[in-house]
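Working notes for the structure below.
Here, each number is a calculation from the coordinates, and none is a lab measurement. Because the structure is predicted, anything quoted here is derived from the model rather than measured. For neighbour counting, all protein chains shown are included, and Cβ atoms are generated from backbone atoms with ideal geometry for every residue, glycine included.
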Amino acid sequence: MKYVDEFRNSDVAAALLREIAKLASSLDKAVNIMEVCGSHTMAIARHGIREALPANINLISGPGCPVCVTEAGYIDAAIELGRQGVVPATFGDMLNVPGSKSSLAKFRAEGGRVEICYSPDSAVELAEKAPNTEIVFLAVGFETTVGPAVSVIDSAINKSLGNLSILTAFKQIMPALEALSSDPEIRIDAFLCPAHVSAIIGADAYKPFAEKRRIPCVIAGFEPVDILYGIIGILKQVQAGTATVENQYSRVVKPEGNVRARNFINTYLETADAWWRGIGIIPQSGLSVRQEFAGYDAAARFNVQIQRGDPDKRCQCGNVLKGKIRPDQCGMFAKVCTPENPVGPCMVSSEGTCSAYFKYGRVIG
Amino acid sequence: MEEKIQLAHGGGGKLSARLIKDEILSRFGNGPLRNLPDAAELPLNAEKIIYSTDSFVVSPYFFPGGNIGELAVYGTVNDVCVAGGRPQWLSLALIIEEGFPLENLRRILDSTAEAANRCGVTIVTGDTKVVQKGNCDGIYMNTSGIGIKVAGLELGRRRIKPGDAVIVSGTIGEHGFAVLAARNGIRTGEGLVSDCGPLNGLLEQAVPFGDKVKFMRDPTRGGVAAVLNEIVEGMEFGIELKQNAVPVSEGVRSVSEMLGIDPLNVACEGRMILICDQSAADGILSGFRSLPEGKGACVIGTVGGLAGTVTMKTITGVSRLIDLPSGELLPRIC
């Protein structure tokens with residue numbers, strides 16, 4: 001398959017790993033690289049990249065799984081809407097995310113109606129087919145997903161649908177990078193920056209951050225060869241003592257990003273503070289529906305209050321998301337907390353750090 | 001909270017396994033059901049018969065490459081085949097929703113008849129029920145099948161030894177992804193159709209290799225990963241898959257990459273996993289490949305490695321676990 005097979009070539013991977021080994025041995029210190037995106041975490045685990053790296057190169061998984069950082073109160077609110085007869089329409093990942101007492105999967109098992117969407121368009125179709133049913137699309141995600149999710153509002157306006165709205169829990173990546181790099185408890189030497197988020201925000205978006213914080217930022221694709229090549233880019237910068245933005249995913253990411261998508265998003269949304277599960281409030285890291293479109297904002301339309309705070313105190317997802325511990329360092333990992341009975345959100349999403357560790361990371365040999 | 005059945009209890013993963021162990025085996029597990037065979041081997045005078053049953057609730061009932069009618073025949077025929085039986089007789093039960101178009105029923109029954117002919121089985125008994133609108137999703141079907149055990153085939157996990165070859169009869173995941181795509185309006189072009197089809201032709205290709213054939217199974221619900229994990233569970237051997245050896249069609253790859261669902265976890269309805277002595281692998285492969293339904297057959301791995309695990313070498317040279325899927329397969333968010 002084009003753009004996939006070339007980037008999963010084992011000979012190329014072996015050559016890149018040799019170069020990484022050479023670079024790593026020339027550095028007399030440990031290098032902590034945070035991959036911020038859940039898809040990177042997944043690919044790293046699936047292809048055994050963490051285990052294949054030299055001992056002094058650490059990959060730390062960051063908070064880049066949108067499902068994982070969605071607060072329990074948001075799930076509670078979605079279930080509550082469902083109980084009131086509103087139909088939540090959602091991507092499948094959200095189904096098993098624990099709220100404070102239940103999950104959408106359990107709500108559905110009790111007879112509640114939850115619609116699984118493979119595309120936000122399905123929510124629009126649902127609303128068109130059932131004009132007397134209120135449909136709420138659970139609009140969760142980073143910049144990549146924001147555009148398609150907001151198209152729900154756009155379609156509702158264009159098609160004059162009075163029964164369609166979105167419940168937002170959007171996140172923006174740059175404020176999260178700022179927050180993580182200023183946390184004194186975490187030492188990050190470089191960021192492996194997300195592929196598809198960068199396609200929207202553009203490579204240039206990282207420049208002020210890299211310069212101010214003196215942290216190398218390398219944008220890499222999601223295939224294993226992309227990731228290994230990205231690590232080489234990072235190690236070269238660490239070796240040379242530079243801190244610049246390097247775009248290694250230029251086949252998709254432009255310096256200016258996708259201006260049209262950003263304008264589209266800005267039409268309907270404005271920056272707001274956001275609560276990150278396990279982390280807390282990160283100022284200006286969210287996006288909420290603009291006042292003039294409040295009719296399409298489920299929170300306003302149904303007067304929904306989202307409770308802040310993390311329900312299960314034993315859950316270490318916050319520390320996992322911040323890269324302070326690895327999933328297997330959490331006492332509940334693979335014992336109490338498993339994909340079929342997740343305690344924390346990192347185990348729920350297929351892109352969650354704990355899920356990736358559970359599924360692929362328990363490596364042999 | 002009161003315990004309720006979730007969809008994942010029927011997904012073929014860990015929740016299904018627990019439900020069957022706790023609720024079915026605890027009540028019925030003392031006889032031939034003990035090891036939960038997809039088909040039971042029962043003595044009858046000098047011969048042995050193979051007996052199996054399966055229910056079909058696929059939605060949509062017309063999907064790319066087939067419909068519920070032929071699926072109902074192949075599903076049971078294949079369970080009989082992989083237990084080492086030559087399928088002979090089928091029962092056919094229909095549960096039909098009030099208001100179901102007769103034209104659709106005719107199409108489904110025509111396919112059922114055609115599939116039965118293709119497999120050389122006769123439908124010998126049946127039942128028809130109609131339920132009120134809303135009480136079933138169009139049409140559900142159940143078939144039971146009886147076959148005669150092939151002499152000279154001894155199948156079972158206990159016969160598997162380190163070094164044996166693991167063969168798959170063709171590309172995997174087509175049925176599950178074709179149905180998923182049809183159900184959710186994912187446009188995949190013409191490339192993605194269900195693989196649903198009979199395995200009795202493949203069975204006959206394996207028969208001449210006698211006791212060199214150790215195990216056969218059709219990787220339906222839960223896919224190849226579920227079958228391989230069932231094989232190694234509690235055994236003193238594991239299975240090591242070769243990197244990139246598992247055959248996957250372009251259509252399946254596109255959908256799987258897009259949704260983040262591993263084809264190893266997705267159902268096939270016309271494929272066979274066969275484990276045999278290494279010395280018989282080439283012969284069985286060429287036998288399989290002589291048939292249209294086996295033209296994509298290949299060796300995907302070897303019995304060996306860490307006991308009780310299924311592993312695959314990744315491109316970085318590290319082995320990773322291929323685990324049992326945990327429940328309902330859900331697409332990822334981005």
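Given an 8 Å cut-off on Cα distances and at least 6 residues of separation, report the relative contact order of chain B as a percent. Intermediate values should be presented prior to the final figure.
On the way: 737 pairs, mean separation 76.6, N = 334.
Averaging sequence separation for qualifying contacts and normalising by length gives 23 percent for chain B.
Considering only C-alpha atoms, what is the centroid distance from the range A:1-63 to the range A:164-243, in Å?
Computed from Cα coordinates, the inter-centre distance equals 15 Å.
5 Å is the cut-off here: which amide hydrogens, built 1.01 Å from N in the peptide plane, fall below it relative to A:E246, excluding neighbours closer than 5 in sequence?
A:C217, A:V218, A:I219
What list of ³J(HN,Hα) couplings, whole Hz, do you get for the range B:175-182 from phi and the Karplus terms 6.51, -1.76, 1.60, once you set θ to phi - 60° and write x for glycine and proline?
Along the range B:175-182, the couplings run 4, x, 6, 5, 5, 4, 5, 5 Hz.
Calculate one ³J(HN,Hα) per residue across the range A:134-142 by plugging θ = phi - 60° into the Karplus curve 6.51 cos²θ - 1.76 cosθ + 1.60, and present them in order as whole Hz with x for glycine and proline.
Going residue by residue, I get 7, 10, 10, 7, 7, 8, 10, x, 8 Hz, with x marking Gly and Pro.
Roughly how many nanometres apart are two label points built 7 Å out from the Cα toward the Cβ at A:V4 and B:Q243?
Using points 7 Å along Cα→Cβ, the separation is 1.8 nm.
Counting DSSP beta bridges with both partners in the range B:157-321, what percentage is antiparallel, nearest 5? Spell out each step's value before the answer.
Working: 18 of 21 bridges.
If we restrict to bridges inside the range B:157-321, about 85 percent are antiparallel.
Would you compute the Debye intensity of chain B from its alpha-carbon atoms alone, equal scatterers and no solvent, and pass along log10 I(q)/I(0) at q = 0.07, 0.13, 0.14 Å⁻¹ to two decimals?
Each listed q corresponds, in turn, to -0.28, -1.03, -1.21.
If you take every DSSP beta bridge whose two residues both sit in the protein assembly as shown, what share of them, in percent to the nearest 5, is antiparallel? Walk me through the intermediate numbers first.
Working: 54 of 95 bridges.
If I count the DSSP bridges inside the protein assembly as shown, around 55 percent turn out antiparallel.
Return a single number: how many Lys pairs in chain B, at a sequence separation of 8 or more or on separate chains, have alpha-carbon atoms below 17 angstrom apart. Could the numbers behind the result be given before it?
Details: B:K4/B:K14; B:K4/B:K21; B:K48/B:K149; B:K149/B:K212; B:K149/B:K214; B:K161/B:K212; B:K161/B:K214; B:K242/B:K313.
Counting lysine pairs in chain B gives 8.
Quick one: helix A:72-83 against the long Cα principal axis of chain A, what's the angle to the nearest 10°, folded into 0 to 90?
Helix A:72-83 sits at roughly 30 degrees to that axis.
Across the residues of B:317-324, average count of Cβ atoms on other protein chains within 10 Å?
Numbers: counts 8, 10, 5, 12, 7, 2, 5, 2.
Mean shielding by partner chains, rounded to a whole number: 6.
Which whole-number percent of Cα pairs in chain A have a distance greater than 36 Å?
On the way: 14367 of 66430 pairs.
Counting every Cα pair in chain A, those more than 36 Å apart make up 22 percent.
Going by amide H atoms built from the backbone, whose H comes under 5 Å of the H on A:F137, apart from near neighbours?
Excluding prolines and chain starts, which carry no amide H, the hits are A:A89, A:S165, A:I166, A:L167.
Could you tally the net charge around A:I227, taking each other residue with its Cβ under 12 Å from the Cβ of A:I227, Lys/Arg +1 and Asp/Glu -1?
Numbers: positive: A:R8, A:R46, A:R50; negative: A:E35, A:E223, A:D226.
Within the 12 Å Cβ shell, the charges total 0.
Defining a contact as two alpha carbons under 8 Å apart and six or more residues distant in sequence, what relative contact order in percent does chain A show? Walk me through the numbers on the way to the answer.
Numbers: 724 pairs, mean separation 82.7, N = 365.
The value is 23 percent.
Stretch B:R34-B:I20 to full length: gain in nm at 0.36 nm per residue minus the Cα-Cα span?
3.9 nm
Could you sort the peptides B:98-105, A:73-80, A:12-19 by per-residue average Cβ neighbour count (10 Å cutoff), highest mean leading? Don't jump to the answer; show the numbers that get you there.
Values: B:98-105: 12.1, A:73-80: 23.5, A:12-19: 16.8.
Order by mean packing, descending: A:73-80, A:12-19, B:98-105.
HN-Hα J couplings of the range A:99-111 from phi, Karplus 6.51/-1.76/1.60, θ = phi - 60°, integer Hz, Gly and Pro as x?
x, 6, 10, 9, 9, 5, 5, 5, 4, 5, 5, 7, x
If you wrap a convex hull around the Cα atoms of the range B:157-321, how much volume per residue is inside, in Å³?
106
Order these peptides, A:48-58, B:62-72, by their mean beta-carbon neighbour count within 10 angstrom, highest first. Intermediate results must be reported in sequence, preceding the final value.
Numbers: A:48-58: 19.1, B:62-72: 23.3.
The most tightly packed comes first, giving B:62-72, A:48-58.
If we sort A:124-136, B:20-32 on the protection proxy, mean other Cβ atoms within 10 Å, highest first, what's the order? Display every interim value, and only then the final one.
Numbers: A:124-136: 17.2, B:20-32: 11.4.
Sorting A:124-136, B:20-32 by mean packing, highest first, produces A:124-136, B:20-32.
What are the residues whose amide H is under 5 Å from the amide H of B:I148, where those residues sit 5 or more places off or on another chain and H is modelled from the backbone?
B:I50, B:R86, B:Q88
Once you keep just the Cα pairs under 8 angstrom separated by 6 or more residues, what percentage relative contact order results for the range B:157-321?
Numbers: 347 pairs, mean separation 71.7, N = 165.
Computed over the range B:157-321, the figure is 43 percent.
Calculate, for B:A307 and A:Q239, the FRET efficiency according to 1/(1 + (r/R0)^6) with r their C-beta to C-beta distance and R0 41 Å; round to the nearest 0.05.
The computed FRET efficiency comes out at 0.40.
Angle check, please: helix A:143-158 long axis (alpha carbons) against the longest principal axis of chain A (alpha carbons), in degrees 0 to 90, nearest 10.
20
Just in the range B:77-157: which trypsin sites (Lys or Arg not before Pro) are loop by DSSP and have at most 14 other Cβ atoms within 10 Å? Could you put the intermediate results ahead of the total?
Working: sites: B:R106, B:R107, B:R118, B:K129, B:K133, B:K149, B:R157; in loops: B:K133.
Here the trypsin sites (Lys or Arg not before Pro) that fit, given the DSSP loop and packing criteria, are B:K133.
In a shell of Cβ-Cβ distance under 10 Å around B:N244, excluding B:N244 itself, what net charge do Lys and Arg (+1) and Asp and Glu (-1) give?
In short, +2.
How much net charge surrounds A:S288 when only other residues with a Cβ under 10 Å from its Cβ are counted (Lys, Arg +1; Asp, Glu -1)? Please list the in-between numbers first.
Numbers: positive: A:R290; negative: A:E270, A:D273, A:D297.
Local net charge: -2.
Take the alpha-carbon positions of the protein assembly as shown, form their convex hull, and give its projected area averaged over all directions (one quarter of the hull surface) in nm². Could the numbers behind the result be given before it?
Details: hull surface 124.6 nm².
If I average the Cα hull's projected area over directions, I get 31.1 nm².
Return the percentage of antiparallel bridges among DSSP beta bridges fully within the range B:31-149, rounded to the nearest 5 %.
Numbers: 27 of 36 bridges.
Around 75 percent of the beta bridges assigned by DSSP in the range B:31-149 are antiparallel ones.
Treat each spin label as a single point 7 Å out from the Cα along the C-beta direction, and report the A:R251 to A:D121 distance in nm.
Label-label distance for A:R251 and A:D121, simple model: 2.5 nm.
Treating the angle as unsigned and between 0 and 90°, give the value, to the nearest 10°, between the Cα long axis of helix A:259-268 and the longest Cα principal axis of chain A.
Tilt relative to chain A: about 40 degrees.
To the nearest Å, what is the center-to-center distance of the range B:278-304 and the range B:66-101, using C-alpha atoms only?
If we compute the Cα centre of each part, the gap is 26 Å.
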